[in-house]
Amino acid sequence: MIYKSFVRLLAAAALVCGCAGPVPVSNVDAVMDNILSRKSVRSYTDQKLTEEQINTLLRAAMAAPSGSNVQPWSFVVLTDPSEYETIFAGNFNMDKFKQSAAVFVLCADTTVTRTPRGGGEPVVQPNGTWRDDLGAATENLLLAAESLGLGAVWTASYPYKDRYMPPKKALGLPDTVIPYSIVPVGYPAGDEQPKDKWDPARIHYGRW
Ligand SMILES: Cc1cc2nc3c(=O)[nH]c(=O)nc-3n(C[C@H](O)[C@H](O)[C@H](O)COP(=O)(O)O)c2cc1C
């Protein structure tokens, strides 16, 4: 891997000259291992999550990038499966939710309050990037789950009205807030493996 050799070379050079180096090689490996190890896990043991684990997952989600750094996300963490038939009525992922140790409902505020450039009263406007922002937050949560040895799967909520309306109502979300994704998390019951998706045919240099 050319990039790994390059980073190792830089790290070695930094060691020799005693200056602060680039990202340590071990971090690069850890990050790539984490990304390439992530896989959807859809069945879980009955082991619970600790509060610390839950906070780690939320911290990762909130570290995501967002358009204009608006951070339009909020999270509802659920751990009582007896409520799920009501909260997620009709959702075909119900078996995963019920088995999991915790269900994370990642919610997006579809509006943003901005003060006009020349000053004046703040105005509420549609936020054009909330889907992208919440996608990034969802992936961060999945990667953190992988790093903790947990299993998780991104289940779609938005844009399917029949999937996002029941939790929107049951959880009492404000009018402008939508449940974007629903992520059950737990200790993996099986032995799911990551898929190799590397495909050079998808890459175009310079032009298509
Ligand atoms: C937007 C989105 C919606 C998804 N919805 C579901 C879902 O409702 N149920 C489910 O079991 N998996 C769902 N998945 C997981 C995908 O099926 C999974 O990511 C894909 O098959 C690739 O497998 P991997 O995650 O193991 O790499 C969803 C993934 C994304 C990104």
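For trypsin sites (Lys or Arg not before Pro), the sites in the range 104-160 that DSSP calls loop and that have at most 15 other Cβ atoms within 10 Å are 117.
Round to the nearest 0.05 the FRET efficiency obtained for residue 175 and residue 89 when R0 = 30 Å and r is the Cβ-Cβ distance.
Numbers: r = 20 Å, r/R0 = 0.67.
For R0 = 30 Å, the calculated efficiency reads 0.90.
Taking a Cβ cut-off of under 11 Å around residue 153, the surrounding Lys, Arg, Asp and Glu residues balance to a net charge of +3, with basic ones at +1 and acidic ones at -1.
Nearest-5 percent of antiparallel DSSP beta bridges in the chain?
DSSP beta bridges in the chain are roughly 90 percent antiparallel.
Normalising the average separation of contacting C-alpha pairs (under 8 angstrom, six or more residues apart) by the number of residues puts the relative contact order of the chain at 28 percent. Stretched out straight at 0.36 nm per residue, the stretch from residue 79 to residue 47 would grow longer than its current Cα-Cα span by 10.3 nm. Computed from phi, the 3J(HN,Hα) profile of the range 173-181 under the Karplus parametrisation 6.51, -1.76, 1.60 (θ = phi - 60°) reads 5, x, 3, 8, 9, 10, x, 7, 9 Hz, with x in place of Gly and Pro. Taking every lysine pair in the chain that is 8 or more places apart or spans two chains, those with Cα atoms closer than 17 Å amount to 6.
Which one, 94, 62, 32, has the greatest fluctuation when you compute a Gaussian network model over the chain with C-alpha springs under 10 angstrom? Comparing 94, 62, 32 in the GNM, the peak value goes to 32.
Here the contact order of the range 51-126, divided by its residue count and restricted to Cα pairs under 8 Å and six or more residues apart, works out to 27 percent.
With the convex hull drawn over the C-alpha atoms of the chain, the volume per residue is 209 Å³.
FYI, it's all coordinate maths here, none of it is from the lab. This structure is a prediction, so every number in the text was calculated from the model and none was measured. No Cβ is skipped: glycine too gets one built from the backbone with ideal geometry, and neighbour counts run over all protein chains shown.
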